[in-house]
Amino acid sequence: MHVLPYLVSGWILLVGMYGLATSRNLIHAVGCLAVAQSSTYVLLLSIGFRRGGTAPVFSDVPTGSVVVDPVVQALALTDVVVGATVTALLLSLVIQLHKRHSTIDPDQLNGLRG
Amino acid sequence: MNASDLLPLAVAVPLLGAAVFAAVGRLLPRLASDILATAWALADLVLLAVLWHRANGRTLTNWVGGWRPHDGEGVGVVLVGDPIGVGMALLAAALILAVTVYAWRYFAEPPSGHPGTFPALILLFEAGMCGFALTGDLFNAFVFFELMGAVAYALTGYHVEDPRPLQGALTFGIVNSLAAYCSLTGIGLLYARTGELGMAQIGLHLADHRTDALVVAAFVLVLTGLLVKAAMVPFHFWLPDAHAVAPTPVCMLLSGVMVELGVYGAARVYWTVFSGPGGIPAAAVHEVLVTAGVVTALLGAVMCWQQRHVKRMLAFSTISHIGLFLIGVALLNAPGVAGTALYVAGHAGAKAALFALTGVLLDQYGSVDEHTLFGRAVRLRWSVGLMFGLGGLALAGVPPFGTGLGKALTERAAGADLAWLPAVFVLTSALTAGAVLRTAARIFTGAGATPHDGSDAQTRGDHEEPEVREPGRPVPLPMLVVPGLLLAACLAVGLLPGLGAELARAGRLFTDRAAYTAAAGLPAPAGPAVSATAGAAATGTGWTTEGVLLGALSGVLAAAFAATALWGPNLTGTTVRRLGGLAAAGSRRLVLPLRRLHSGRLGDNVAWLATGIAGLLAAFTALK
């Protein structure tokens, strides 16, 4: 099995985390979280990949043919739903924060420390 | 109906309730909405109690939709209800009911146009927690984990009018979601190795291969999500920020049961997936997690002592107790698990009661700041103040509270393992309880010297928005009855005969991997059972003289700490002055840098998360 997709997935996760750690803008931060999450899509889909395989829809292909793993596709789909929910929720919090506090720079939010 | 058919209902009932409230909540008048929410929470509690009773110390399983595995392989999703799992769900349901009753008149102004939002979110939270406690499938656990996470972020930021809850909710959301995606990466790696998602099936298939970097990476990544939820050091930075600003009823749930579910999840994943051949050696897990637990307990206790924001103080005390729970679980034997389970149950009662009483302060005085409330709540001394003090004693583990019995049992198991571990238990529980007693004495009796505003790096607790805006009215009855009942429940956990014995059996079942695999209808795992018998010498299920004495010692120490803080500044004499100077220097050198670490910045949180993952990877690679 090819190792490149796994390296790419790890790279995307690390880039997302780096972006989060250095972010100066909360919308950018939520975007970085989505980037980190997309590493899991790449990982899941590359796990299920079969060389020469087709989509696992057996109405179109004979039952014995090589197909990619449908389980990881279901997982990736669930993952997308989870990610969409969390991203939407976090973005709505950022909007509220901007309304009440008129800043989206995480470094200016220092009400909680110590 | 078969008892195991009730397992999916435990998740489905609150989900359905959430849907009903989301759909028709806005049409209901406030009273009807309150009554319906209470009835629904009660229904799920009764359901889980019946499940606990009918399971009767066995492990129940339900392959949802009848998708059973064939020859140990399959894609079905399984729900597993062993006594510890059902017990955690039961605890969650009990706290949900308490919170629903407590919040009856609490949110005077629901968001306009959406009066059903709060009960809907609370029931959705319950569905996530019950599902997480009962699932036997790793990916399903991730989904329930994110469900309870997303609801918790929304509930934390429920008061969208204030900037601080929003900040806390954002940090909470981003850090926990990032950790959950790390978990998902680990689950993906495990699927790549074994082609399975069920915990028992993965565990069986790991035996086909030796322990290599992939297994270690998968273990650390899966554990990261769970331990971030559990707020282990250095993953804990989000917790005080979120707990300090969440609405009080939500704090009761977060501290009482959600954080503990992280520890439960880590233990469950270790035993079912990684405890066999091809997994992670028990010695490595024991060493790393006991160390982390000790650090967490000590750091939480030191930080707890420093706080003047009462909710934030209670949040740090939760971190400290999480450290103790981690130690108990990381002993990797049945007595440790049983003692921890009892400790968690007792702690949930005491901590939820303390948060509920803090909610009364916020309601009456619009502040949760120990310094500005100094001596102001004297008229509540015999109701709220008394319960607050009792809660402090319960936190210290004074007999006969449930926390005391749980602490005594865990201490005994820990002492059989490493002789100095009980000292950590006594010291940290005394320090956190001492902080609570100090606060109670200051706020409700105005005892001791007037506190002065000291160092710079701290969160103040005044200028909090009161959550109910009707100044001058008496304390609503549910806000007094619920904490009283919670404290009584904490007492009952310590006094009910047979609960200790039942949990000891549950602990043996929890640590018996072969029993879990057999219950899931799979062939027995190869190789000997790793953990079931280790440390079995220190069994015992009730109060012992040693346990009572150590509990009493914690209580006395807590009172001594509190008295020192209250009256220490008034004392005169050279020795006292010299000791005071020493304490001030220690606080400047050690504690202030520690407090500066808790900067509340999102970037720092993420950096610590990455550091923690790297540290765990290094530790487990070295010890595998």
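Quick notes
- Any hit, segment A:8-23, residues being more than 9 Å from every other protein chain (Cβ to nearest Cβ), part of a loop (DSSP other than H, G, I, E, B) and within 21 Å of the chain's Cα centre (by Cα): no
- Scanning segment B:557-574 for residues being surrounded by fewer than 14 Cβ atoms within 10 Å (Cβ to Cβ) and touching a residue at least 12 places away in the same chain (Cβ under 8 Å) gives a total of 3.
For (1) assigned to a loop (DSSP other than H, G, I, E, B); (2) in contact with a Ser or Thr (Cβ under 6 Å, 6 or more places away or on another chain); (3) more than 16 Å from B:GLY293 (Cβ to Cβ); (4) open to solvent by 10 Å² or more (accessible area, probe 1.4 Å), each residue gets a yes or a no:
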position: B:PRO399; (1), (2), (3), (4): yes, no, yes, yes
position: B:GLY404; (1), (2), (3), (4): no, no, yes, no
position: B:ALA414; (1), (2), (3), (4): no, no, no, no
position: B:ALA423; (1), (2), (3), (4): no, no, no, yes
position: B:ALA433; (1), (2), (3), (4): no, no, yes, no
position: B:ARG438; (1), (2), (3), (4): no, no, yes, yes
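- Among the residues of segment B:176-215, those that are of a type in the set (Val, Ile, Thr), more than 26 Å from the chain's Cα centre (by Cα) and in a helix (DSSP H, G or I) comprise B:THR194, B:ILE202, B:VAL215.
- When each of A:LEU112, A:LEU44 is tested for being in contact with an Asp or Glu (Cβ under 9 Å, 6 or more places away or on another chain), within 30 Å of B:ARG596 (Cβ to Cβ) and among the aliphatic types (A, V, I, L, M), the lone residue that passes is A:LEU112.
- Residue within segment A:55-64 that is in contact with a Phe, Trp or Tyr (Cβ under 8 Å, 6 or more places away or on another chain) and either more than 8 Å from chain B (Cβ to nearest Cβ) or in a loop (DSSP other than H, G, I, E, B) (or both) present: no
- Just one of the listed residues (B:ALA559, B:ALA565, B:ALA607) is within 30 Å of B:VAL215 (Cα to Cα) and among the hydrophobic types (A, V, I, L, M, F, W, C), namely B:ALA607.
- Applying the condition of being closer than 16 Å to A:ASN25 by Cβ and more than 7 Å from every other protein chain (Cβ to nearest Cβ) to segment A:74-91 and asking which residue is surrounded by the most Cβ atoms within 10 Å (Cβ to Cβ) yields A:THR87.
- Lone unmet requirement of (1) loosely packed, with under 14 Cβ neighbours inside 10 Å; (2) facing chain B (nearest Cβ under 7 Å) for A:THR40: (1)
- Test set (1) at pLDDT 95 or above; (2) on the phi > 0 side of the Ramachandran plot - B:VAL294 fails condition number: (2)
- Of the helices (runs of 4 or more DSSP H) lying entirely inside segment B:83-160, those containing at least 2 residues that are within 14 Å of another protein chain (Cβ to nearest Cβ), open to solvent by 10 Å² or more (accessible area, probe 1.4 Å) and at pLDDT 90 or above are B:117-134, B:138-156.
- For A:HIS98: the one exception among (1) of a type outside the set (Lys, Arg); (2) surrounded by 13 or more Cβ atoms within 10 Å (Cβ to Cβ); (3) under 29 Å from B:PRO165 (Cβ atoms); (4) touching a residue at least 24 places away in the same chain (Cβ under 8 Å): (4)
- Flag for B:GLY188 being within 8 Å of chain A (Cβ to nearest Cβ), crowded, with 24+ Cβ neighbours inside 10 Å and either on the phi > 0 side of the Ramachandran plot or in contact with a helix residue (DSSP H, G or I) (Cβ under 7 Å, 6 or more places away or on another chain) (or both): yes
Matching residues to (1) in a helix (DSSP H, G or I); (2) touching a Phe, Trp or Tyr at 6+ places or on another chain (Cβ under 9 Å):
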{"site": "B:PHE219", "(1), (2)": "yes, yes"}
{"site": "B:HIS236", "(1), (2)": "no, yes"}
{"site": "B:ALA242", "(1), (2)": "yes, yes"}
{"site": "B:LEU253", "(1), (2)": "yes, yes"}
{"site": "B:GLY256", "(1), (2)": "yes, yes"}
{"site": "B:THR272", "(1), (2)": "yes, yes"}
{"site": "B:VAL294", "(1), (2)": "yes, no"}
{"site": "B:ALA297", "(1), (2)": "yes, yes"}
{"site": "B:VAL302", "(1), (2)": "yes, yes"}
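- Segment B:195-225: number of residues that are more than 11 Å from chain A (Cβ to nearest Cβ) and open to solvent by 10 Å² or more (accessible area, probe 1.4 Å): 9
- Segment B:446-462 - residue that is surrounded by fewer than 16 Cβ atoms within 10 Å (Cβ to Cβ) and away from chain A (no Cβ under 14 Å) and, of those, modelled with the lowest pLDDT: B:HIS452
- Test result for B:ARG595, surrounded by 15 or more Cβ atoms within 10 Å (Cβ to Cβ), at pLDDT below 90 and assigned to a helix (DSSP H, G or I): yes
- Condition check for B:VAL360: among the β-branched types (Val, Ile, Thr), in contact with a strand residue (DSSP E or B) (Cβ under 8 Å, 6 or more places away or on another chain) and farther than 20 Å from B:VAL556 by Cα: no
The values are calculated or read from the model by the stated rules, or taken from the named source; none is laboratory data. These numbers come from a predicted model, not from an experiment. Note: ideal-geometry Cβ built from the backbone for every residue, glycine included; neighbour counts use all protein chains shown. To get the accessible areas, we keep the full protein, side chains included, count just its heavy atoms, and leave off ligands, DNA and RNA. Shrake-Rupley method; radii C 1.70, N 1.55, O 1.52, S 1.80 Å.
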